[in-house]
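What follows is a short report on a single structure.
The values are calculated or read from the model by the stated rules, or taken from the named source; none is laboratory data. Predicted, not measured: the structure shown is a model, and the values here were computed from it. Cβ placement follows ideal geometry from the backbone for every residue including glycine, while neighbour counts extend to all protein chains displayed. Accessible surface is based on the protein model in full, side chains and every heavy atom, while ligands, DNA and RNA are left aside. Shrake-Rupley method; radii C 1.70, N 1.55, O 1.52, S 1.80 Å.
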Amino acid sequence: MISMIKSNTKRPVLRNCPICERLFADTGFGACQNCYDKMRDYETQINEYVKAHPHCTVKDIAKNTNIPLKFATNMINKGQFVAGGKISYPCSRCGKAITSGLYCSSCMDLVHKATANAKRLEIERRQKEEQERIKKKFEKERTSALNILKILRGK
Ligand SMILES: [Zn+2]
Ligand SMILES: [Zn+2]
């Protein structure tokens, strides 16, 4: 009897490394091999620092452990170290200290509004295009109808 082997290998996705911005095939690590290796190195250091300073900011970590801010932010961002306390890091948009997600609550609102607004504008643009199309079609038909009338009148 043939047993089915379930494959659970993730299909790699090409994306830019969030730290060094190089293109790499992501198999679930979220960073390129090079940066991932470095992250593993930094992990213990961050862990220890966070244990000792549960309410620190990402800037404190970077300053006191000599880990590049980009690494620290990326690692904290993923929520790897939240268990020990709340660590704050800057909002991706305005830089205000936050403890979860990518944006602070006010930027989150703005981002949502901007997306909704963009969608509304797109719908309006399409409606206008459709109206123009109907108007042109109507005008064309009207002109040809007038031409037929002229021809019928023998002019
Ligand atoms: Zn990288
Ligand atoms: Zn913000």
Taking the range 26-45 and keeping only residues that are touching a strand residue (DSSP E or B) at 6+ places or on another chain (Cβ under 6 Å) and within 10 Å of ligand 1 (Cβ to nearest atom), one is left with Cys32
Of all the residues that make up the range 15-31, how many are open to solvent by less than 60 Å² (accessible area, probe 1.4 Å) and closer than 21 Å to Ser92 by Cα? 6
Taking the range 101-155 only, how many residues are open to solvent by less than 80 Å² (accessible area, probe 1.4 Å) and outside any helix (DSSP H, G or I)? 4
Does the range 46-69 include one or more residues that are within 16 Å of ligand 1 (Cβ to nearest atom), of a type outside the set (A, V, I, L, M, F, W, C) and out of contact with any Pro (no Cβ under 7 Å at 6 or more places or on another chain)? yes
